[in-house]
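Peer 1: What follows is a single structure, and I will ask about it in a moment.
The values are calculated or read from the model by the stated rules, or taken from the named source; none is laboratory data. As the structure is a prediction and not an experimental result, all values here were calculated from the model. For neighbour counting, all protein chains shown are included, and Cβ atoms are generated from backbone atoms with ideal geometry for every residue, glycine included. The protein model used for the area step is the full one, side chains on, heavy atoms only, and it has no ligands, DNA or RNA in it. Shrake-Rupley method; radii C 1.70, N 1.55, O 1.52, S 1.80 Å.
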Amino acid sequence: MPPQLSCRLPAQRLVSLLFSCTGVLLLAGCAGQKTTRTGFIAPETYGQMTHPKGHTDDLVYIAPGLHPGGYRYAVIDPVLWHPVRNAPVLKPDIQARMTGAFEAELRKTLGEDFQILPAGPVAMMPHGTLRISAAITNLRRSKWYYNALPIVAGFAAGAAGGGLPPIPPPAPGGASEELIATDAATGAPVLAIATYNNGMPWNMVGQWLPYAHARRAFHLAALLMKEEVLKTGLASASPAYVGGKSPS
């Protein structure tokens, strides 16, 4: 047994050291994302937002008395960078890349339920058009030089003969978003969402690529809006859920 101990001690000490370093980086790394309140969504609408079932970290507003199937078309405004206080300063080219990526996600995902129209004068929009506006309100890039240590710690623990659960990356990146859908003819709010997503330990690619986790947040925000569209039956081709299941 003594020879076994002498072989294992260095690895155990390495794991302990890596855990200590990881703890420091967890404190030093960027703060995680959360729902924001920047004013992009009108205060009177934001004040009526609640946590929907199954999405307790998100906030959603659904206008009362919605007519199922009332909308066939959608106009998607250019996505804005509307940062919350203390958000990082983004270079113009990064802003353009990220807002473009989010807008592309919205067009692709919501295009499954609406006919997407080009922007134009309200008077030229057909009856049953939904106007969708969205903003990125916070964004953090993933920093591989922080995230590498937990990965090394996991390998070291395995080499030492112990198991190590996934360690949350200290600088995972991610994004927060606010979205609002209004009736194009009246300007009345129909649906509003405040959401966010942080990088996950199992998404290894996102630990290395600066904005992979942010792009995933955009994808999930678009899916959340689609889910709410299906639940409420806003789209004429997507009647409301029956028993919480999407139509086939």
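Peer 1: Ranked from highest to lowest mean number of other Cβ atoms within 10 Å per residue, what is the order of the peptides 173-184, 85-96, 221-232, 37-48?
Peer 2: Those peptides, ordered most packed to least, come out 173-184, 221-232, 37-48, 85-96.
Peer 1: Which value, in Å² rounded to 10, gives the accessible area of Phe114 with a 1.4 Å probe and all protein chains present?
Peer 2: Roll a 1.4 Å probe over it and Phe114 shows about 10 Å².
Peer 1: Extension gain Leu223-Arg37, at 0.36 nm per residue separation less the Cα-Cα distance, in nm?
Peer 2: 64.9 nm
Peer 1: For Ala96 paired with Thr186, estimate the spin-label separation in nm (one decimal), with each label point 7 Å from Cα along the Cα-to-Cβ line.
Peer 2: In this crude spin-label approximation the distance works out to 3.9 nm.
Peer 1: What is the sum of charges, Lys and Arg at +1 and Asp and Glu at -1, for the other residues whose Cβ falls under 15 Å from the Cβ of Pro52?
Peer 2: Around Pro52, the surrounding residues sum to -1.
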